[in-house]
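Visitor: Could you have a look at this structure, given as structure tokens, before my questions?
Here, each number is a calculation from the coordinates, and none is a lab measurement. Small disclaimer: the values here were computed from a predicted structure and weren't measured. Counting neighbours? That spans all protein chains shown, and the Cβs are built from the backbone with ideal geometry, glycine included.
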Amino acid sequence: MTDWTIDSWRTKTARHQPKYPDAAALAEAAGELAAFPPLVTSWEIESLKHQLAEAAEGRRFLLQGGDCAESFAECTSDVIINKLKILLQMSLVLVHGTRKRVIRVGRFAGQYAKPRSEPTETRGDETCTSYYGDIVNRPRFDAEARTPDPWRLLRGYERSALTLNFIRSLIDGGFADLHHPEYWQLDFVEHSPKSSEFHDMVTSIGESLRFMETLSGISIADISRVDFYSSHEALLLPYEAALTRTVPRRDGAWNLSTHFPWIGMRTASLDEAHVEFFRGIRNPIGVKIGPALAPTDMNDFLGGLMDALHPDDEPGRLTLIHRYGAEKVADYLPALIDAVNATGKRVLFVCDPMHGNTRKTETGIKTRSFEDILAEVEQSIDIHDRCGSHLGGVHFELTGENVTECTGGARGLTDDDLKDGYRSLVDPRLNYEQSLEMAMLIARRLAPKNSGTND
């Protein structure tokens, strides 16, 4: 790839980048960032790529989840612990249901930047730069807070490093016997018509793990180290480029800001900067695919995308994250699968059932329905089955906190309940109970036909 460099993206149009008022300060901040140690390692990235290749073959299942947009203020031990806890608990449920090993990937330690539909926001008579995430500016609505600050790049790096280091210490330490379901928060189950089934599922998980402990004479937490990986949308290219490095005894360049970066649909134009940057890095990468890409354009786009990002058909390299919404997935997903099949190349299909199901309440609050989210996942499973493909993973915006940002679920949250605990700065997230319930329902749906846990 002789025509690619870490900075070749600068010759292309870069969309959804903040306009920094001081170019010299941006260059200085990026230069400092480029001298910092990497946040992840190339061998961790290679391990993830191998596991994603197995997921594409149907031998593993990807669980990817975390905040829509992380905040610097929530880089605290309690918040990090709760995010890790819910993802680990969801993964145990999915392992039990699918009878497959689960790849755990968090949307954290770098999910600090967000694309915005408009570069500015107006409230009354005042117009300010839109909030692009904590790594760019601050959410407070005034000119000073909303001015893009390049030195926040360093704060984003610091928060990412703190998060990753804490997660690694928790994982290495066995993380407080999370495998024991008696410590799970299961009060919501009593509100579900599947209450008995859920209790049986959780009891079975606990009994299986305790059997293994009895058989080995050693606590599961003492003999197993859980693999855990980070991911974020690689939106802010000066940050991503500063943390992209060559590695001794390995070919190519590696984005060492995260294990698994992805491109959003709004920045996936084939001749623009994000695709140019992504085509040269050795990480496994994801691309969001939504209804903005019409079925009639699918073949041309996918052909070009494969040529740019997946020319060698490397196992585990490319994940397509489809995000159509419950009302549109049946019309769009078959065309996507057909277009991939036409290329003859291997990809991992993952469902993001969050973004296509966003709506606003009568009072203007952004929310999502638990039932719509579940419906898109279930439809995606069925469509892949009919098309001779398979759904290899799910991608959720969620939190380990009991916020009220999405409606529905076992407790039947309504639009009126949103005011009780709405904390997201950008998009609504599934709360702890909704996330665990979602994992239980997906596990039930994906259970092998002879397991006795499916209809």
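Visitor: Going by average Cβ neighbours within 10 Å, how do the peptides 33-45, 430-442 rank, with the highest at the top?
Guide: 430-442, 33-45
Visitor: Now for a separate question. The stretch 35-80: which trypsin sites (Lys or Arg not before Pro) are DSSP loop and have at most 13 other beta-carbon atoms within 10 angstrom?
Guide: Arg59
Visitor: While we're on this one: Report, in deg cm²/dmol and to the nearest 500, the calculated mean residue ellipticity at 222 nm for the chain, where each DSSP H run with n ≥ 4 adds -39500 (n - 2.57) and the sum is divided by the residue count. Present the calculation step by step, with values, prior to reporting the outcome.
Guide: On the way: 13 runs with 174 residues, N = 455.
Rounded to the nearest 500, it is -12000 deg cm²/dmol.
Visitor: Once you put a point 7 Å from the Cα of Arg15 and another 7 Å from the Cα of Ser117, both along the Cβ direction, what distance in nm separates them?
Guide: For the pair Arg15/Ser117, the computed spacing is 1.5 nm.
Visitor: Taking 0.36 nm per intervening residue step and subtracting the Cα-Cα distance, what contour gain separates Arg250 from Arg168 on full extension?
Guide: 27.1 nm
Visitor: Which is farthest toward the positive dipole end of the stretch 8-446 among Cys128, Ile81, Leu256, measuring Cα position about the Cα centre, with Cβ charges +1 (Lys, Arg) and -1 (Asp, Glu)?
Guide: My answer, from the dipole projection, is Leu256.
Visitor: Can you find, among Leu39, Gly400, His390, the residue farthest towards the positive end of the dipole of the chain? Put +1 on the C-beta of Lys and Arg, -1 on that of Asp and Glu.
Guide: Toward the positive end, the furthest listed residue is Leu39.
Visitor: Per 0.36 nm of contour for each residue apart, how much would the distance between Asp7 and Glu371 grow if the chain were fully extended, relative to their Cα-Cα spacing?
Guide: Extra length from Asp7 to Glu371 when fully extended: 126.7 nm.
Visitor: Using per-residue counts of other Cβ atoms within 10 Å, averaged over each peptide, order 193-203, 384-394, 401-411 from highest down.
Guide: 401-411, 384-394, 193-203
Visitor: For the pairs Lys100/Lys449; Lys83/Lys114; Lys114/Lys288; Lys194/Lys419; Lys328/Lys449, note any where the Cα-Cα span goes beyond 18 Å. Could you put the intermediate results ahead of the total?
Guide: On the way: Lys100/Lys449 14 Å; Lys83/Lys114 20 Å; Lys114/Lys288 14 Å; Lys194/Lys419 28 Å; Lys328/Lys449 28 Å.
Pairs exceeding 18 Å: Lys83/Lys114; Lys194/Lys419; Lys328/Lys449.
Visitor: What helices in the chain pass both tests, a Cα length along the helix axis of 20 Å or more and a mean Kyte hydropathy of 0.5 or higher, using whole DSSP H runs?
Guide: On the way: long enough: 42-56 (21 Å, -0.41); 77-98 (31 Å, 1.04); 152-172 (30 Å, 0.00); 195-216 (32 Å, -0.08); 329-343 (21 Å, 0.91); 370-386 (24 Å, -0.41); 432-446 (21 Å, 0.11).
Going by DSSP H runs, the hits are 77-98, 329-343.
Visitor: Which percentage, to the nearest 5, of the DSSP beta bridges contained in the chain is antiparallel?
Guide: 25 percent
Visitor: Rank these for me by crowding, Ile103, Ile6, going from fewest to most other beta carbons within 10 Å.
Guide: Fewest-to-most Cβ neighbours within 10 Å comes out as Ile6, Ile103.
Visitor: On to the next question. Quote the relative contact order of the chain in percent (integer), defining contacts as alpha-carbon pairs under 8 Å separated by 6+ residues.
Guide: 21 percent.
Visitor: Sorted by packing (mean other beta-carbon atoms within 10 Å per residue), highest first, where do 140-146, 125-131, 443-449, 324-330 land?
Guide: 324-330, 443-449, 125-131, 140-146
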